[in-house]
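Participant: So that we are looking at the same thing, I have put the structure below in structure tokens.
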């Protein structure tokens with residue numbers, strides 16, 4: 001795989017992993033337009049780990065506080081948030097192991113991806129109308145974690161968006177938009193770590209050709225750098241622009257997917 005392709009995939013993954021626009025939908029479109037075969041598992045793992053590095057760098061202070069104060073029990077807020085994050089990981093983890101192959105196969109057709117992309121775009125726009133709640137990040141409960149985790153399981157379907165569905169769930173639970181975004185990103189770290197470890201079980205570093213190792217490194221670094229700036233962008237501007245611009249983008253993107261799907265069927 002050319003290095004340029006790894007850079008392109010790293011940029012797309014780094015951006016769309018953290019913006020509520022669906023990374024899987026964009027990667028599917030990119031593969032169709034470029035007529036690329038399915039990406040190798042090693043690069044997919046590298047992209048996930050790159051996004052994980054971006055998250056750990058951006059939220060290093062929060063994770064230091066959570067693990068230090070939460071595990072020791074010295075801060076009840078940190079302990080409760082750790083429990084909420086743990087509970088939120090369970091539904092997606094179980095669904096990922098049991099249903100991933102079915103979801104990725106059955107719902108990987110462009111018309112289905114377009115429909116889910118448009119549906120989630122409408123949900124984001126509607127969610128803007130319930131903004132105004134002021135629950136802060138420290139007010140999260142284990143019930144919130146479970147509800148957001150159940151919503152996160154829907155992100156197995158290409159076109160839904162993990163960040164989009166978890167942010168929306170947080171807003172509907174009464175959290176302020178910045179708090180919902182922060183919890184979504186904190187939750188992404190263990191999910192991406194789990195996805196990376198799950199993929200690594202099939203890989204042997206010695207069995208990967210040297211050229212593919214370099215490609216993995218390029219993809220990982222690109223996804224990490226772009227992802228870090230995407231996170232910073234979301235945290236800085238989300239309170240000002242809200243979710244509607246992302247919802248409108250998704251509707252336009254869905255039209256593009258439908259157009260491409262109809263063109264392919266006509267051919």
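Please treat every number below as a calculation from the coordinates, not as lab data. What you are looking at is a predicted structure, and each value in this text was computed from that prediction instead of being measured. Using ideal geometry, Cβ is built from the backbone for each residue, glycine included, and neighbour counts are taken over all protein chains shown.
Participant: Can you compute the modelled spin-label distance between residue 83 and residue 112, with each label point 7 Å from Cα toward Cβ, in nm?
Facilitator: If labels sit at residue 83 and residue 112, their model points lie 3.8 nm apart.
Participant: How far is the Cα center of region 172-194 from the Cα center of region 12-31, in Å?
Facilitator: What the calculation gives is 18 Å, centre to centre.
Participant: Let me ask something else about it. Could you please rank 62, 17, placing first whichever residue has the fewest other Cβ atoms within 10 Å of its Cβ?
Facilitator: With the fewest neighbours first, 62, 17 line up as 62, 17.
Participant: What is the order of 243, 86, fewest Cβ neighbours within 10 Å to most?
Facilitator: 86, 243
Participant: So if R0 is 25 Å, what FRET efficiency would residue 60 and residue 134 give, r being the distance between their Cβ atoms, rounded to the nearest 0.05?
Facilitator: The pair residue 60/residue 134 has a calculated efficiency of 0.40.
Participant: Springs between alpha-carbon pairs under 10 angstrom, Gaussian network model over the chain: which of 127, 223, 239 fluctuates most?
Facilitator: Maximum fluctuation in the GNM of the chain, among the listed residues, is at 239.
Participant: Another one. May I ask you to compute the full-extension gain from residue 212 to residue 98, defined as 0.36 nm times their residue separation minus their alpha-carbon distance, rounded to one decimal in nm?
Facilitator: Here the answer is 38.1 nm.
Participant: Next question, about the same structure. Would you list 228, 249 from fewest to most Cβ contacts within 10 Å?
Facilitator: Ascending number of Cβ neighbours within 10 Å: 249, 228.
Participant: Further question: First measure r as the distance between the Cβ atoms of residue 239 and residue 75, then evaluate 1/(1 + (r/R0)^6) with R0 = 25 Å and state the FRET efficiency to the nearest 0.05.
Facilitator: Calculated transfer efficiency: 0.45.
Participant: Can you tell me the relative contact order of the chain? Whole percent, Cα pairs under 8 Å, sequence separation 6 or more.
Facilitator: The value is 38 percent.
Participant: Once you have a ≥ b ≥ c as the square roots of the Cα gyration tensor eigenvalues for the chain, tell me rounded if a/c is under 1.5, and otherwise prolate or oblate according to whether a/b is larger than b/c.
Facilitator: Judged from the Cα gyration tensor, the chain comes out oblate (a/c at least 1.5, b/c at or above a/b).
Participant: Ok, one more. How much FRET efficiency would the formula 1/(1 + (r/R0)^6) give for residue 119 and residue 4, where r is the Cβ-Cβ distance and R0 is 25 Å, rounded to 0.05? Before the final figure, lay out each step's value.
Facilitator: Working: r = 34 Å, r/R0 = 1.35.
The value I calculate is 0.15.
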